[in-house]
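Participant: Sharing a structure with you now.
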Amino acid sequence: MPIQKVLVVDDSKTELMYLTDLLQKKGMQVRTAENAEEAIKRLAEEKPDLILMDVVMPGQNGFQLTRSIARDPLYSDVPIIMCTSKNQETDRVWGMRQGARGYITKPVDPAELQAKIDSLS
């Protein structure tokens, strides 16, 4: 199934703008959330085809949010790609164990992101 609707969760406005621009140029519809609470509201409003998830955020972090989304029967089929500055192998392994289907470190390389998205569909 082609990915058309993407939810980007990141507390950095710069990162949100960068990722939104990147995805919209590929013809995707993008919605954004700056924290876990907002992300959950966005999910309830409209189920996305993909979630790009930052890790370091105020309140609930991206690992915790990924785990709760991946375990929710309503959203467990929505793939999550972690997009984070946390570049240690242990972080990547932990992210994948929480339910992420991909892990990309910032600064995000557009070609790498596209390859991860393509591998999901």
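Participant: Kindly indicate whether L50 is in contact with a helix residue (DSSP H, G or I) (Cβ under 8 Å, 6 or more places away or on another chain), modelled with pLDDT of 95 or more, within 22 Å of Q98 (Cβ to Cβ) and not charged (D, E, K, R).
Facilitator: Spelling it out, L50 is indeed in contact with a helix residue (DSSP H, G or I) (Cβ under 8 Å, 6 or more places away or on another chain), modelled with pLDDT of 95 or more, within 22 Å of Q98 (Cβ to Cβ) and not charged (D, E, K, R).
Participant: Among the residues of the range 68-97, what is the count of those that are out of contact with any Leu (no Cβ under 9 Å at 6 or more places or on another chain), closer than 22 Å to I3 by Cα and buried (at least 18 other Cβ atoms within 10 Å of the Cβ)?
Facilitator: Of the residues in the range 68-97, 3 are out of contact with any Leu (no Cβ under 9 Å at 6 or more places or on another chain), closer than 22 Å to I3 by Cα and buried (at least 18 other Cβ atoms within 10 Å of the Cβ).
Participant: Is it the case, given these coordinates, that K13 is farther than 17 Å from L120 by Cα, modelled with pLDDT under 95 and charged (D, E, K, R)?
Facilitator: no
Participant: So, one more: If I filter the range 39-56 down to residues being within 23 Å of A115 (Cβ to Cβ) and not in a loop (DSSP other than H, G, I, E, B), which single residue comes out as farthest from the chain's Cα centre (by Cα)?
Facilitator: Going through the qualifying residues, I end up with L50.
Participant: From D10, D49, grab the single residue that is surrounded by 17 or more Cβ atoms within 10 Å (Cβ to Cβ) and under 22 Å from T90 (Cα atoms).
Facilitator: Sole residue among the options that is surrounded by 17 or more Cβ atoms within 10 Å (Cβ to Cβ) and under 22 Å from T90 (Cα atoms): D10.
Participant: So which of G27, G59 ends up being outside any helix (DSSP H, G or I) and under 21 Å from S121 (Cα atoms)?
Facilitator: Checking each option against the conditions leaves just G27.
Participant: Also, quick follow-up: So L16 fits all but one of (1) in contact with a Lys or Arg (Cβ under 8 Å, 6 or more places away or on another chain); (2) surrounded by 19 or more Cβ atoms within 10 Å (Cβ to Cβ); (3) of a type in the set (A, V, I, L, M); (4) farther than 17 Å from S119 by Cβ; what number is the exception?
Facilitator: So L16 meets the others, but not (1).
Participant: Looking at the structure I just gave you, is V108 closer than 16 Å to D10 by Cα and either assigned to a loop (DSSP other than H, G, I, E, B) or touching a Phe, Trp or Tyr at 6+ places or on another chain (Cβ under 8 Å) (or both)?
Facilitator: Yes, satisfied.
Participant: Among (1) within 18 Å of S121 (Cβ to Cβ); (2) part of a helix (DSSP H, G or I), there is one condition V78 misses while meeting the rest; what is its number?
Facilitator: For V78, the exception is condition (2).
Participant: May I pose another question? Report yes if E34 is in contact with a helix residue (DSSP H, G or I) (Cβ under 9 Å, 6 or more places away or on another chain), surrounded by fewer than 22 Cβ atoms within 10 Å (Cβ to Cβ) and of a type in the set (D, E), otherwise no.
Facilitator: yes
Participant: Still on this structure: Going residue by residue through the range 67-83, is there one that turns out to be under 18 Å from D109 (Cβ atoms) and in contact (Cβ under 8 Å) with a residue 40 or more places away in the chain?
Facilitator: There is at least one residue in the range 67-83 that is under 18 Å from D109 (Cβ atoms) and in contact (Cβ under 8 Å) with a residue 40 or more places away in the chain.
The values are calculated or read from the model by the stated rules, or taken from the named source; none is laboratory data. The shown structure was predicted, so the numbers you read here are calculated from the model rather than taken from an experiment. A quick note on method: Cβ atoms are made from the backbone with ideal geometry, for glycine too, and the neighbour counts reach across all protein chains shown.
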